[in-house]
Amino acid sequence: MHQIRYFLAVSETLNLTKAAERCNVAQPSLTRAIKALETELGGELLRRERSLSHLTELGQRVLPMLRQCYETALTAKIVAASIRKGETAPLSLAISQTVALRPFTPKLRELSRALPGLQLKLLRGSVSEVAEYLKSGVAELAIAGPLGEAWSRFDAFPLFEERFHLVVSRTHRLARRTSAEFKDLAAETLLIHTRCEMVEALKSRLEANGILDTAAHQVATQEDLLALLKANLGVAIIPVGAMETNGLQRILLKSLNLARRVSVFTVAGRPRAIACATLLNMLRAADWDFDSATEPQRAH
Amino acid sequence: MTERALSDVLEAVFVRCRDLEAPLEDRLKAFTDEVRRLDPDFAATVDALVGRLAEIDAGATAPKVGEPMPRFLLPDEQGRLVRLDDLLGEGPVAIAFHRGHWCPYCRINIDALARAEGEVAAEHRHIAAIVPDRQRFAIWLKSDAKAPFPVLTDMDNGYAMSIGLAISVGDKMKHMMVSSRWDPSVSQGSDNWMLPIPATFIVGTDGIVRARFVDPDYRMRMAIEDLLAALRSAN
């Protein structure tokens, strides 16, 4: 691990003397450690020049991976140092308002059992708000569909996919159907969740299928969407993988073929406290029912 | 005739080696010999990797006998969080790192450990395995060997890395593994091609390491007799 730390220091200072100073080691030890890393990775990482060193092509290529490894190991050390029964463990988690909390509550319950000092701060918002919470450091972790925003420091770890279905009230004329087609929607009022991360993708899918000027109600929260659906004020096309659908009927909308990927997001380069690090590991390690990952390899 | 991947060809060999009535090291060696016979190029690439790791003394900084075993909090194959102290609350523990559910040497090793656990569980001495594989693959590894002990997930080899046990397999080995259909990136949920050195630590109830086996040659594992003797003499 110290080898990686030294290499990261060199990649930032591009000067062996300065890197050694920053790491508080003698320069020969730093050089030795980098040589060992080069042996392990099977090639030169640095071109050494008198005052200025620079990274080789291999060095550039492995830099992001080594930085991530270093952070991962550092996090494990933070966890090891903070495992004390009863110590407070704050965790701020932002969840997109279109993502149901239900599949995550067993994980949070297990986390709170293992860390009795857990102090959870749960934030909700649109994807842009969620992205902002992460960027500003208000949230340590976020769970959402595609953030729709490229920031090089976001790390995304996919959890599962949710398919979009047509959802109607149990009393709706289509409620007994198992599948429907776009033409069945011609006379329907659509409920559009304007702050859903997939709203643009959905709109273009509707247009592509000839639904151009359907009457629509707009809502801005998931709660209102479900209330209007239950009251039969319209129908909606929403991801239902993990949603509570009491009183509602989900119907396969043929040729819709729309899904969203729900991921957990973090910001690279920030130290992760024990609750954040552990929940992230739990979410990534978990076997999600609606996970589309391949089956374990079995050689036969 | 379609060409079969090395991993497919070796499945029958694996079963035969796993089921040999012989000590663990002989079973591992029987498998190593078959790989060398069936695919000398693959074996040579492994030798080169192991040689490189030996040259840099990989694993040398891992906790030594007399030193404390660093604490961890990791999810088991059911998603329950397990800390080292929980395990030590029941007695001394053997912590055995494994490379993944896809690794035949690990599968042979876990099979031997499953039998060893049966011998000492009544004496309040236990075993726990740590893999970089996600839960569904940890479940598979556990049920493949009918292992009665927990198989913990160490995402991105974070814990292994923090104690100096994670290594990069390198481009050559990576390509060999992909073409032989041993690809840990799916089960790890990460494509950084790091693997743990499959080391074993015997930890006393005070959290101090009583014995260890660390060899960057992943074909070598702690002998079961040594593991049992160390577990039994630990307190």
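Considering the range A:43-66 alone, what residues qualify as being surrounded by fewer than 17 Cβ atoms within 10 Å (Cβ to Cβ) and under 18 Å from A:Ser152 (Cβ atoms)? Of everything in the range A:43-66, those that are surrounded by fewer than 17 Cβ atoms within 10 Å (Cβ to Cβ) and under 18 Å from A:Ser152 (Cβ atoms) turn out to be A:Gln60, A:Arg61, A:Leu63, A:Pro64.
Sort out which residues of the range B:168-178 are of a type in the set (D, E, K, R) and either touching a residue at least 60 places away in the same chain (Cβ under 8 Å) or facing another protein chain (nearest Cβ under 10 Å) (or both), and write them in order of number. The answer is B:Asp171, B:Lys172. Could you check, for the range A:192-203, whether at least one of its residues is in contact with a helix residue (DSSP H, G or I) (Cβ under 8 Å, 6 or more places away or on another chain) and farther than 27 Å from A:Val264 by Cα? Scanning the range A:192-203 turns up no residue that is in contact with a helix residue (DSSP H, G or I) (Cβ under 8 Å, 6 or more places away or on another chain) and farther than 27 Å from A:Val264 by Cα. Put simply, of A:Glu21, A:Glu38, A:Glu44, A:Glu49 the only residue that is at pLDDT below 90 and not aliphatic (A, V, I, L, M) is A:Glu49. Scanning the range A:179-236 for residues that are among the small types (Gly, Ala, Ser), outside any strand (DSSP E or B) and farther than 21 Å from A:Gly148 by Cα yields A:Ala186, A:Ala187, A:Ala208, A:Gly210, A:Ala215, A:Ala227, A:Ala231, A:Gly234. Summed over the range A:241-287, the residues that are in contact with a Lys or Arg (Cβ under 6 Å, 6 or more places away or on another chain) and within 14 Å of chain B (Cβ to nearest Cβ) give a count of 4.
Scanning the range A:1-12 for residues that are more than 9 Å from A:Ser53 (Cα to Cα) and part of a helix (DSSP H, G or I) yields A:His2, A:Gln3, A:Ile4, A:Arg5, A:Tyr6, A:Phe7, A:Leu8, A:Ala9, A:Glu12. The numbered conditions (1) among the polar types (S, T, N, Q); (2) touching a residue at least 24 places away in the same chain (Cβ under 8 Å); (3) in contact with a helix residue (DSSP H, G or I) (Cβ under 6 Å, 6 or more places away or on another chain) are all true for A:Asn281 except (2).
Quick check: is even one residue across the range B:190-201 among the hydroxyl-bearing types (Ser, Thr, Tyr) and either surrounded by 23 or more Cβ atoms within 10 Å (Cβ to Cβ) or touching a strand residue (DSSP E or B) at 6+ places or on another chain (Cβ under 6 Å) (or both)? Yes, some residue in the range B:190-201 is among the hydroxyl-bearing types (Ser, Thr, Tyr) and either surrounded by 23 or more Cβ atoms within 10 Å (Cβ to Cβ) or touching a strand residue (DSSP E or B) at 6+ places or on another chain (Cβ under 6 Å) (or both).
Highlighted here are the helices (runs of 4 or more DSSP H) found entirely within the range B:1-120 that include at least 2 residues which are away from chain A (no Cβ under 14 Å) and within 25 Å of B:Arg136 (Cβ to Cβ): B:104-120. Somewhere in the range A:132-141, is a residue part of a strand (DSSP E or B), surrounded by 21 or more Cβ atoms within 10 Å (Cβ to Cβ) and in the same structural domain as A:Leu280 (by TED's automatic domain parsing)? Yes; the residues of the range A:132-141 include at least one that is part of a strand (DSSP E or B), surrounded by 21 or more Cβ atoms within 10 Å (Cβ to Cβ) and in the same structural domain as A:Leu280 (by TED's automatic domain parsing). Listed by first and then second residue, the pairs with beta-carbon distance under 8 Å, at least 6 apart or on different chains, first residue in the range B:40-52 and over 9 Å from B:Gly170 (Cβ atoms), second surrounded by 14 or more Cβ atoms within 10 Å (Cβ to Cβ) and of a type in the set (Val, Ile, Thr), are B:Phe42/B:Val35; B:Ala43/B:Thr32; B:Ala43/B:Val35; B:Val46/B:Val35.
If I ask for residues that are more than 14 Å from chain B (Cβ to nearest Cβ) and of a type in the set (Val, Ile, Thr), which ones from the range A:64-121 would you list? The answer is A:Thr88, A:Ile95, A:Thr98, A:Val99. B:Phe137 satisfies every condition listed in (1) crowded, with 19+ Cβ neighbours inside 10 Å; (2) assigned to a helix (DSSP H, G or I); (3) touching a residue at least 12 places away in the same chain (Cβ under 8 Å); (4) more than 8 Å from chain A (Cβ to nearest Cβ) except (4). Annotation: A:Leu118 fulfils all but one of (1) surrounded by 14 or more Cβ atoms within 10 Å (Cβ to Cβ); (2) out of contact with any strand residue (DSSP E or B) (no Cβ under 6 Å at 6 or more places or on another chain); the unmet one is (2).
A count restricted to the range A:67-112 and to residues that are assigned to a loop (DSSP other than H, G, I, E, B), buried (at least 16 other Cβ atoms within 10 Å of the Cβ) and hydrophobic (A, V, I, L, M, F, W, C) stands at 3. Taking residues in the range A:129-149 that are in contact (Cβ under 8 Å) with a residue 24 or more places away in the chain and charged (D, E, K, R), and partners anywhere that are in a loop (DSSP other than H, G, I, E, B) and crowded, with 19+ Cβ neighbours inside 10 Å, the pairs with Cβ atoms closer than 8 Å and at least 6 places apart or on different chains are A:Glu140/A:Arg272.
So that you can scan it fast, the table gives a plain yes or no per residue for (1) surrounded by 18 or more Cβ atoms within 10 Å (Cβ to Cβ); (2) in contact (Cβ under 8 Å) with a residue 24 or more places away in the chain; (3) hydroxyl-bearing (Ser, Thr, Tyr); (4) under 19 Å from B:Leu113 (Cα atoms):
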{"site": "B:Val151", "(1), (2), (3), (4)": "yes, yes, no, yes"}
{"site": "B:Met155", "(1), (2), (3), (4)": "yes, yes, no, no"}
{"site": "B:Ser162", "(1), (2), (3), (4)": "yes, yes, yes, no"}
{"site": "B:Ala166", "(1), (2), (3), (4)": "yes, yes, no, no"}
{"site": "B:Ser180", "(1), (2), (3), (4)": "yes, yes, yes, no"}
{"site": "B:Pro216", "(1), (2), (3), (4)": "yes, yes, no, no"}
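Report, by residue number, each residue of the range B:167-187 that is outside any helix (DSSP H, G or I) and either at pLDDT 95 or above or of a type in the set (S, T, N, Q) (or both). The answer is B:Ser168, B:Ser180.
The values are calculated or read from the model by the stated rules, or taken from the named source; none is laboratory data. Bear in mind the structure is a predicted one, so any value in this text is a computation, not a measurement. As a convention, Cβ positions derive from the backbone with ideal geometry for all residues, glycine included, and neighbour counts pool all protein chains shown.
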